[in-house]
Amino acid sequence: MSSVPDVSVVIPTRGRPDLVTRAVRGALAQTLENIEVIVVVDGPDEATRTMLAAIGDARLQVVELPESGGAPNARNVGVRMARAPWTAMLDDDDEWLAHKLAVQVDVAGRASAPLPIVASRLVNRTPRGEFVIPRRLPAADEPLSEYLSVRRGLFHGDGFIQTSTIMAPTELLRRVPFDPSVPRMQELDWTLRALAHDDVDLVFADEPLVIWHQDEDRPRISLSSPWKAQLEWLRRSRPLLTPRAYAAVTMSVVSSMAAHTRSPRVFRTLLREARRHGRPGPLDYVTFLQVWLIPPQLRRSVRDLILKRRGRPATARPRVADGAGVSAT
């Protein structure tokens, strides 16, 4: 086996030894064997350190940070340690299918951009069922900020990218690090900033290669982040978004975080933000109203039921990976 790995895998973790052990074993079981797996433990964590030490695979490296700096910082630490030309991200509570990296390396080899970001579909597994997202891949000449944010139906998932699906050149991940100040949608923030570079493009493996576990009993930062911080991020990111995408994020993502306030003032603030700096479509207004009027638990239940019926099952026969590169605009 080559002394230089083909792909470095970076897994940030803290306080979830059982989950990260599952993620690590899945990474080490990839059909692409010439890899290294770098686990960055985000602060002192003896239980995690002990469980990972029992794996006994020379391809595994574990670094424990002296204090917690958050998952984006831990990812950046792992990227700085990476020796491979490609680095793949894996969250500690997700799983990869065994051929995930092999498929993505093949897609990367056929990409036309010098520095392609290679993502994939995933199986979104919830307590009520599972379905495959994104439901479609980018169309030719479609602005990628709109692909990643604008809904074509009542529920998210038409265009989508998630951290555990991302494989990118290590050079690019060092040039454009993850931002520790971003409370939510860190993969979207990173992808938009990376796509602002002329030599970068986004390509997809067509088949689902990741299992995204959404256990709603576990604490999730995306359900508790302050909406004001997310709005500040959105305003900073406006040059990276088309007006159509800006309105969509304001009226869906930021609004879903703010709706628990039930504040007419906040309602008006976000509506005004979307209209002043964005270009809302009819579906954005429908989404905005349902976010404010329908309880989150009911929305999730209806979403999972409908999308489970529409989506391909997790056991669907994989299709041949297909690079769907488009230019960022």
_Regarding region 36-44, can at least one residue be identified that is more than 25 Å from the chain's Cα centre (by Cα) and farther than 23 Å from LEU97 by Cβ?_
yes
*For TYR147, which of the numbered conditions (1) over 24 Å from PRO169 (Cα atoms); (2) within 15 Å of the chain's Cα centre (by Cα); (3) not aliphatic (A, V, I, L, M) fails to hold?*
(1)
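Which residue is surrounded by the fewest Cβ atoms within 10 Å (Cβ to Cβ), if the candidates are limited to region 161-191 and must be among the hydroxyl-bearing types (Ser, Thr, Tyr) and not in a loop (DSSP other than H, G, I, E, B)?
Residues of region 161-191 that are among the hydroxyl-bearing types (Ser, Thr, Tyr), as a first pass: 163-165, 170, 181, 191.
Those left that are additionally not in a loop (DSSP other than H, G, I, E, B): 163-165, 170, 191.
Values: THR163: 23, SER164: 25, THR165: 28, THR170: 18, THR191: 25.
By that ranking, first place goes to THR170.
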*Index of the failed condition, VAL24 passing every other in (1) in contact with a helix residue (DSSP H, G or I) (Cβ under 9 Å, 6 or more places away or on another chain); (2) touching a residue at least 12 places away in the same chain (Cβ under 8 Å); (3) farther than 19 Å from LEU101 by Cβ*: (3)
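Every read-out reported here was derived from the displayed coordinates using simple, explicitly stated rules and does not represent laboratory data. Just so it is clear, the structure is predicted and the values come from calculations on it, not from any experiment. Positions of Cβ are generated from backbone atoms using ideal geometry, with glycine treated the same way; all protein chains shown enter the neighbour counts.
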